[in-house]
Amino acid sequence: MPKNHPPRSLLSIRGLTERSVKLFSRFVAYNFQHVYYRTKESFGQHKRDLVVVRVEEASESLQETKIQFLDALERFKSVVHVETGTLEDKYKLLKQQFDFCEMRSEVVANKVRAIEEVSDALFQEWEDELKEYTNRSLRAQSRQQLKLSRQHYTRLIKAMHKAEKKIQPVLGAFRDQVLFLKHNLNANAIAALQQEFSEIALDISQLIQAMEQSISEANHFVLVLVEQKNLPKLPTAK
């Protein structure tokens, strides 16, 4: 029997509806952000200040996440090398550490998204306002500051995405070990964990290096924005 297909007009309407929903969602999000930034500015907190705050928050979050993964590594080491305690206790300990690391990774991801959101708004506003200058020297100075800020921002986001991408493979390997121990509470499970320990330790070590680079880039980017804010303005041409 021939299959009943929905009318082409219905498919077209459904496709149009999905596109309309996406466009409407973007419109609402844009306007919400616009109102949010206007409200912040009314209290004296401009986009540049918000960028500094969010980068500093991301830096702190990366530092906390780094500490959490280092602690997880030590716990993992104690589980695979110490014979005391029940297998159930070892599983619970690893599961707790995994949950903490997963939670911290989600916080990092949200902080990175927040930086991208407000930085995009800042650079777009900055670009638009360059057209408002009547003094060429001031416009040139501001354009150079914008160029420098974008360069440092690109390095920052690249470093943060690099660290963020390294988190997921580590979490995946960590999750595998936790699940394996959960499903095999016996001596063979611990032996298997011991074989995987060196690889996981190396992965975490590389992750820590990526996080430290991100923290360094974040601190430098904040310094650039603060220094630019405090630069003396060029005298107006007569």
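Residue order for Ser198, Ser216, Ser59, fewest other beta carbons within 10 angstrom first, comes to Ser198, Ser216, Ser59.
If you take all other residues with their beta carbon under 12 Å from the beta carbon of Leu202, and give Lys and Arg +1 and Asp and Glu -1, the sum is -2. For the stretch 58-229, a crude dipole built from +1 on the beta carbon of Lys and Arg and -1 on the beta carbon of Asp and Glu, taken about the Cα centre, is about 460 debye to the nearest 20. In loop segments of the stretch 62-118 as defined by DSSP, the GluC sites (Glu not before Pro) with at most 10 further C-beta atoms inside 10 Å of their C-beta are Glu83.
Quick one: net charge of Thr154's neighbours, Cβ under 13 Å, K/R +1, D/E -1? With Lys, Arg at +1 and Asp, Glu at -1, the neighbours total +2.
Hey, with R₀ at 41 Å, roughly what FRET efficiency would Thr134 and Glu106 work out to, going by the Cβ-Cβ distance, to 0.05?
0.30
FYI, it's all coordinate maths here, none of it is from the lab. Please read all numbers here as calculations on a predicted model, not as lab measurements. Note that each Cβ is placed from the backbone with ideal geometry, even for glycine, and that neighbours are counted across all protein chains shown.
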